[in-house]
Amino acid sequence: MKTRMHITFILLAISFIIIAFTGICMDFKILILPKTLSNRCHIYLGYFMIILVIIHLIDNRRWIKNIFK
């Protein structure tokens, strides 16, 4: 369980960094990657991040329950 939590956290961090980077590049119209690749990367990593957040919440449900007691 701990290993999955660590992997999920690392993937979340990497996804966040790439999504933030591509979002900033798209906003300021900086073309480091081709526009279609940047857009697809941004969108699909966003979907991937949603799945990772759900896994993260499931893995930490006991901690979340204890907060609201």
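The values are calculated or read from the model by the stated rules, or taken from the named source; none is laboratory data. Since this is a predicted model, take the numbers as computed values, not measurements. Note that we place each Cβ from the backbone using ideal geometry, even for glycine, and neighbour counts take in every protein chain shown. Heavy atoms of the whole protein, side chains included, go into the accessibility calculation; ligands, DNA and RNA do not. Shrake-Rupley method; radii C 1.70, N 1.55, O 1.52, S 1.80 Å.
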Any idea what the relative contact order of the range 1-62 is, in percent, if you count C-alpha pairs under 8 Å spaced at least 6 apart?
-> 49 percent
The chain: which chymotrypsin sites (Phe, Trp or Tyr not before Pro) are DSSP loop and have at most 14 other beta-carbon atoms within 10 angstrom?
-> Phe28, Phe68
For Cα Rg over 2.2 N^0.38 Å, the listed values are [x] 1.11; [y] 1.03; [z] 1.39; which was obtained by calculation from the structure presented?
-> [z]
Could you name the lysines whose alpha carbon sits less than 26 Å from that of Lys2, not counting residues in the same chain fewer than 8 places away?
-> Lys65, Lys69
Angle in degrees between helix 2-27 and the longest Cα principal axis of the chain, rounded to the nearest 10 = 30 degrees
The chain accessible area per residue, 1.4 Å probe, protein heavy atoms, integer Å², reads 84 Å²
Count the net charge of all other residues whose Cβ sits under 14 Å from the Cβ of Met1, scoring Lys and Arg as +1 and Asp and Glu as -1.
-> +3
In degrees, nearest ten, helix 35-59 long axis to first principal axis of the chain (Cα) = 0 degrees
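Rounded, prolate or oblate: pick one for the range 29-69, where a ≥ b ≥ c are the square roots of the eigenvalues of its C-alpha gyration tensor, a/c under 1.5 means rounded, and failing that, prolate if a/b is larger than b/c, else oblate. Present the calculation step by step, with values, prior to reporting the outcome.
Numbers: a/c = 6.45, a/b = 3.75, b/c = 1.72.
Prolate, because a/c is 1.5 or more and a/b exceeds b/c.
When the helices in the chain are scored as -39500 (n - 2.57) per DSSP H run of 4 or longer and the sum is shared across all residues, what 222 nm value do you end up with, to the nearest 500 deg cm²/dmol?
Numbers: 3 runs with 58 residues, N = 69.
About -29000 deg cm²/dmol.
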